[in-house]
Amino acid sequence: MALLIRNGEIVNVGSRVQADIFVENEVITRIGKNLEAPLNTEVVDATGKLVFPGFIDPHVHIYLPFMATFAKDTHETGSIAALVGGTTTYIEMCCPNRNDDALEGYNLWKSKAEGKSACDYAFHMSVTKFVKETESQLKQIVADGTASFKIFLAYKNFFGVDDGEMYQTLELAKRLGVIVTAHCENAELVARLQQKLLAEGKTGPEWHEPSRPESVEAEGTGRFATFLENTGATGYVVHLSCEKALQTALRAKSRGVKISIESVLPHFLLDKTYAERPGVEGMKHVMSPPLRAKHNQAALWNALTQGSIDTVGTDHCPFDTEQKLLGKDSFVNIPNGIPGIEDRVNLLYTHGVKRGRLDLDRFVDAASTRAARLFGLFPRKGTIAVGSDADIVVYDTNYRGVASAKSQHTNNDYNGFEGMEIEGRPAVVTVRGKIQVRDGEFIGERGRGKLLKREPNHF
Ligand code: URP
Ligand code: ZN
Ligand code: ZN
């Protein structure tokens, strides 16, 4: 069935127009004033509402075996949570560990999503070792449409790569035109500091941050940048959390290193005092890099306003209370991660746009368009234009509510942003022309999501 979205204010990067959008066969076919609605057209009245391109979360974990357990969402729950919050595409980290075969891992991750996700999705392929078959396997994976890699400088002996493996990955990525995303913390320093703190009897979640201080992240960021500089590859720092690492990345950018920066929702809104709360309340806020001292938030917001932080993701990674308690005797055993997929857009709109830190242009860019461009999805995704997929968010700026575990769709028993006010939410969300969400409820087609094939675009 055709769809007509009438009279909304369409917000794209670089333009704002009051117009109608007509959708046929999953794509936008016309944009203009007073478009006719042929018989059998579904009509959405967007008068008084903003109309955004579907939002893209460039960093989520759905299927994730990690720290002796599994992240809680499936693609059914994770994609519904994403859509309710206005995210119509997510890019999942495909994370086989060092002992796994990369290609088998890739096929396993694909099988977990296929026919299950209600929104479109893609993968960043993690390179967690570099052995003789790695190059040919990665070439197959890129040929299959997964044109971005992920490396971890942290998580020694599990996901982490050494400098030689990082070099080999970047050198191959440069040849293939593939962007490499990186978790930048020095694995050796983290391991040593963890042992030192534990030996001093410091076992609670409040010691997670001191075990991976800002300098450890700045070192990882700087090393990644230096390796990019010397291989000519294009890189993307994931979940950058603090001013020290930011300055390091910006210095690299300014000397011409091809490096982009993602920060994630928790680091803009939560600080390390959340992880210092007693017992399991603190554990719920353990993630890596850790929540930081509050002054870092101003630096992140400022860089986001200016566009030198490129994107805002979530690093969505839900572990429930029982799982968090795996670390009750030692912070090193607390599964790292905070959910966020459902609240990213609304909290970014509230704390960014409504609080005057982001104009609408930068908001759409940071939450959708720039990720689409960086990861080879533009203009299919990330913009409202004739020929683009009809992933559309009709946004109600008058809605008032709170982020809460009571109303969330993600499969978890807590919400890291519990009680935070939300000033706006999607009224209608479409995926390739089908209405999937109305006013906070999923009403659409489960399993509608498709794996998005992407071409390398960083030569
Ligand atoms: O704490 C986090 N970030 N958990 C998920 C794994 C990762 O590092 O992205
Ligand atoms: Zn990470
Ligand atoms: Zn992550």
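Checking the conditions here, which among Ala82, Ala2, Ala71 is over 25 Å from Leu348 (Cα atoms) and among the small types (Gly, Ala, Ser)?
Residue meeting the stated conditions: Ala2.
Go through the residues of segment 310-321 one by one and say whether even a single one is more than 15 Å from ligand 1 (Cβ to nearest atom), assigned to a helix (DSSP H, G or I), at pLDDT 95 or above and surrounded by fewer than 21 Cβ atoms within 10 Å (Cβ to Cβ).
Yes, that holds for at least one residue.
Let me confirm something: among Thr369, Thr383, which residue is over 15 Å from Val345 (Cα atoms), surrounded by 19 or more Cβ atoms within 10 Å (Cβ to Cβ) and of a type in the set (Ser, Thr, Tyr)?
Thr383
What is the residue count in segment 284-308 for residues that are within 16 Å of ligand 2 (Cβ to nearest atom) and not charged (D, E, K, R)?
Going through segment 284-308 one residue at a time, the tally reaches 7.
Can you say whether Val257 is more than 16 Å from ligand 3 (Cβ to nearest atom) and modelled with pLDDT of 95 or more, as far as the supplied structure shows?
Against the criterion (more than 16 Å from ligand 3 (Cβ to nearest atom) and modelled with pLDDT of 95 or more), Val257 qualifies.
Residues checked against (1) under 18 Å from the mean Cα position of the chain (by Cα); (2) surrounded by fewer than 21 Cβ atoms within 10 Å (Cβ to Cβ); (3) free of Cβ contacts under 8 Å to residues at least 40 places away in the same chain:
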{"residue": "Val402", "(1), (2), (3)": "no, yes, yes"}
{"residue": "Ala405", "(1), (2), (3)": "no, yes, yes"}
{"residue": "Thr410", "(1), (2), (3)": "yes, no, no"}
{"residue": "Asn415", "(1), (2), (3)": "yes, no, no"}
{"residue": "Ile422", "(1), (2), (3)": "no, no, no"}
{"residue": "Arg425", "(1), (2), (3)": "no, no, no"}
{"residue": "Phe442", "(1), (2), (3)": "no, yes, no"}
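Confirm whether Thr128 is buried (at least 19 other Cβ atoms within 10 Å of the Cβ) and under 17 Å from Glu229 (Cβ atoms).
no
Could you grab the pairs with beta carbons closer than 6 Å, sequence gap of 6+ or different chains, first residue in segment 276-291 and in contact (Cβ under 8 Å) with a residue 12 or more places away in the chain and assigned to a loop (DSSP other than H, G, I, E, B), second one surrounded by fewer than 24 Cβ atoms within 10 Å (Cβ to Cβ) and aliphatic (A, V, I, L, M)?
From residues that are in contact (Cβ under 8 Å) with a residue 12 or more places away in the chain and assigned to a loop (DSSP other than H, G, I, E, B), the pairs are Leu291/Leu270.
Of the conditions (1) without any contact (Cβ under 8 Å) to a residue 60 or more places away in the chain; (2) within 30 Å of Val353 (Cα to Cα), Cys119 fails just one. Which one is it?
(1) is the only condition that Cys119 fails.
For segment 44-160, list the strands (runs of 3 or more DSSP E) that sit wholly inside it and hold at least 2 residues that are within 16 Å of ligand 2 (Cβ to nearest atom) and not hydroxyl-bearing (Ser, Thr, Tyr); which are they?
Per the criteria, 55-60, 87-94, 120-126, 148-152.
I need the full set of residues from segment 162-188 which are surrounded by fewer than 18 Cβ atoms within 10 Å (Cβ to Cβ) and within 16 Å of ligand 3 (Cβ to nearest atom), in order please.
none
Could you list, in sequence order, all residues of segment 297-356 that are farther than 30 Å from Ala252 by Cβ and acidic (Asp, Glu)?
Asp320, Glu322, Asp329, Glu342, Asp343
Report yes if Asn336 is touching a strand residue (DSSP E or B) at 6+ places or on another chain (Cβ under 8 Å), modelled with pLDDT of 95 or more and within 16 Å of ligand 2 (Cβ to nearest atom), otherwise no.
yes
The values are calculated or read from the model by the stated rules, or taken from the named source; none is laboratory data. It should be emphasised that the depicted structure is a prediction, and the values quoted were computed from it without experimental measurement. Counting neighbours? That spans all protein chains shown, and the Cβs are built from the backbone with ideal geometry, glycine included.
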